[in-house]
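Trainee: Below is a structure I'd like to ask you about.
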Amino acid sequence: MSAQITQTTSFIGGRHVPSLTTYANIDPATGDHLGDVSRGGPDEVDRAVRAAVKAQREWKRSSPEQRSRLLVATAEVVRSHRDELARLESEDTGKPLSQAYADVDVCARYFEFYGHTIESYYGHTIPLTDDMHAYTRREPYGVTGHIVAWNYPLQLIGRAAATSLATGNCAVAKPADETPRSTVRLAELIHSVGFPSGAFNVVTGLGAEAGAALSAHPQVAHLGFVGSTQIGSAIAHAAADRVVPTVLELGGKSANIVFADADVDAAIPSLVRSIIQNAGQTCSAGSRLIVHQRVHAEVIEKVAAAMSEVTIGHGLDDPMLGPLVSRKQQSRVEGFLTDIGGAEIVTGGRRPDGLAEDLAGGAFIAPTLVDNVSPGSALAQEEVFGPVVAAMRFDDDAEAIALANGTEYGLVSALWTQNLSRAHRLAAEVDAGQIFVNTYGAGGGVELPFGGFKKSGYGREKSIEAFDEYTQTKTVVIRL
């Protein structure tokens, strides 16, 4: 953050805009106060949208070459501030520093990827008759609004901003209440490379105030949301009231399905990493472990052993596992573990022992493996959003698919098998937006379309497909 800024403020029209009221930003590892955050509301949102509307009058006329140059420049300036951004991200979210560095790198990659690909994004000509010339244009919506979650703030807003700006829109972002600082810093960096003032604006504040105002603003022409299914439904209703399109990335209850012929030793690192990455606070976390009964005992034993080796601590010390984002989230996760029916907590299930004295007030949960979980239980059906995996067993392929598809969600799944015929066949049967085989991408790369089936949302982000989400088709027909 710039030295003259004493609190995290909204960034509107190229300037910092403080609010009359603030709230505290808390370090989830220690409970300490990281600073104050401006509590923006409808007035700040209206000011930000008006700034974006003004900027878009210029930006929509920019050439793909101009957009490409500024997007690639943004990637470069993000990389040049890598240490600063990673520290902000680690402090706000609690995630290990190496994971925060990865988030910065991915954010830069979004701007680079869309900067390189926007010059190859065209409409189409359509053959009709010899005396008719028909073609399509892909045109921006105008002002796009983005409300994102606290688990990957820099990645989530980076992909939204890069796609929106690449396609000629201008944007207003509302970062999560708990994690505003990296988004505001990103807005400063975007402005610094030469985008029009107001091309990308950030309003800090609470979701019920600033987020609600952004989703209801009459001049926001497109909405994107990343977060819970409950809030996503409210965003979709607000968009429907104004008949504007939305992209929703919502909850997940993703499954790792381990078959009897799997290379178990090769799978274990991914099975563990998919649930402890970002303390399990990932919509695509591998939160269900569905194992063939023939290898069930081996998999459970080896996952538990690997979890016992996980290091835990302050994110800036770069352990394998940091805290949850808040004490509130810690209590929520603990609530799932108080009544597990006939299931068995194999390892974890509580706050970890042996933490440093200064971390006593942190929001930590030990890596947790719960075995023999009932498929209909809350632990198997609901998104815990913590380092907790629910294990269950199956006898045959049909039962594995029934278990995998047996929730309201469908974001990511993985198949662990050495039988390629089974892999292809079952990949078609699993209801999920991404299917991995003998690996687990937790959302995959920048180049891969990402989005959900069922209550995991709709629309696709990442990849070239995201351009289609942020533009509208205009068809032109000319009699020659």
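Trainee: Scanning the stretch 118-134 for residues that are touching a Lys or Arg at 6+ places or on another chain (Cβ under 8 Å) and under 13 Å from Thr167 (Cβ atoms), which turns out most open to solvent (accessible area, probe 1.4 Å)?
Mentor: Selected residue: Tyr122.
Trainee: Could you tell me whether the stretch 362-373 includes any residue that is open to solvent by 10 Å² or more (accessible area, probe 1.4 Å), farther than 23 Å from Gln281 by Cβ and either of a type in the set (Asp, Glu) or not assigned by the TED database to the domain that holds Glu461 (or both)?
Mentor: Yes, because at least one residue in the stretch 362-373 is open to solvent by 10 Å² or more (accessible area, probe 1.4 Å), farther than 23 Å from Gln281 by Cβ and either of a type in the set (Asp, Glu) or not assigned by the TED database to the domain that holds Glu461 (or both).
Trainee: Of everything in the stretch 243-265, what is more than 18 Å from Val430 (Cα to Cα), of a type in the set (D, E, K, R) and either open to solvent by less than 20 Å² (accessible area, probe 1.4 Å) or at pLDDT below 95 (or both)? Give them in sequence order.
Mentor: Scanning the stretch 243-265 gives a single hit, Glu249.
Trainee: Related question: Taking Ile345 and the conditions (1) touching a strand residue (DSSP E or B) at 6+ places or on another chain (Cβ under 8 Å); (2) surrounded by 15 or more Cβ atoms within 10 Å (Cβ to Cβ); (3) of a type in the set (A, V, I, L, M, F, W, C), which numbered condition does it fall short on, given that it satisfies the others?
Mentor: Going through the list (1) touching a strand residue (DSSP E or B) at 6+ places or on another chain (Cβ under 8 Å); (2) surrounded by 15 or more Cβ atoms within 10 Å (Cβ to Cβ); (3) of a type in the set (A, V, I, L, M, F, W, C), Ile345 breaks only (2).
Results for (1) buried (at least 23 other Cβ atoms within 10 Å of the Cβ); (2) assigned to a helix (DSSP H, G or I), shown as yes or no for each residue.
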{"site": "Glu65", "(1), (2)": "no, yes"}
{"site": "Glu89", "(1), (2)": "yes, yes"}
{"site": "Glu112", "(1), (2)": "no, yes"}
{"site": "His116", "(1), (2)": "no, yes"}
{"site": "Asn151", "(1), (2)": "yes, no"}
{"site": "Leu154", "(1), (2)": "yes, yes"}
{"site": "Arg159", "(1), (2)": "yes, yes"}
{"site": "Asp177", "(1), (2)": "no, no"}
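Trainee: Right, here's the next one. Among Gly457, Gly452, Gly441, Gly433, which is surrounded by fewer than 22 Cβ atoms within 10 Å (Cβ to Cβ) and within 20 Å of Cys283 (Cβ to Cβ)?
Mentor: Numbers: Gly457 fails: surrounded by fewer than 22 Cβ atoms within 10 Å (Cβ to Cβ); Gly452 fails: surrounded by fewer than 22 Cβ atoms within 10 Å (Cβ to Cβ); Gly433 fails: surrounded by fewer than 22 Cβ atoms within 10 Å (Cβ to Cβ).
Only one candidate qualifies: Gly441.
Trainee: Can you find a residue in the stretch 273-288 that is farther than 16 Å from Asn151 by Cβ, in contact with a helix residue (DSSP H, G or I) (Cβ under 6 Å, 6 or more places away or on another chain) and open to solvent by less than 10 Å² (accessible area, probe 1.4 Å)?
Mentor: no
Trainee: Then there is this: Scan Val49, Val77, Val104, Val143 and give me the residue that is more than 30 Å from Ala238 (Cα to Cα), among the β-branched types (Val, Ile, Thr), open to solvent by less than 10 Å² (accessible area, probe 1.4 Å) and within 26 Å of the chain's Cα centre (by Cα). Steps first, please.
Mentor: Numbers: Val49 fails: more than 30 Å from Ala238 (Cα to Cα); Val77 fails: open to solvent by less than 10 Å² (accessible area, probe 1.4 Å); Val143 fails: more than 30 Å from Ala238 (Cα to Cα).
From the options Val49, Val77, Val104, Val143, the qualifying one is Val104.
Trainee: Same structure, new question: Restrict the check to the stretch 222-237 and report whether at least one residue is within 18 Å of Asp396 (Cα to Cα), out of contact with any Leu (no Cβ under 7 Å at 6 or more places or on another chain) and modelled with pLDDT of 95 or more.
Mentor: No, there is no match, as no residue in the stretch 222-237 is within 18 Å of Asp396 (Cα to Cα), out of contact with any Leu (no Cβ under 7 Å at 6 or more places or on another chain) and modelled with pLDDT of 95 or more.
Trainee: Oh, and also: In this structure, does Ala400 turn out to be in a helix (DSSP H, G or I), under 24 Å from Gly158 (Cα atoms), open to solvent by less than 30 Å² (accessible area, probe 1.4 Å) and touching a residue at least 24 places away in the same chain (Cβ under 8 Å)?
Mentor: no
The values are calculated or read from the model by the stated rules, or taken from the named source; none is laboratory data. Only a predicted model underlies this, so the values are computations on that prediction, with no experimental measurement involved. No Cβ is skipped: glycine too gets one built from the backbone with ideal geometry, and neighbour counts run over all protein chains shown. Note: areas computed on protein heavy atoms with side chains; ligands, DNA, RNA excluded. Shrake-Rupley method; radii C 1.70, N 1.55, O 1.52, S 1.80 Å.
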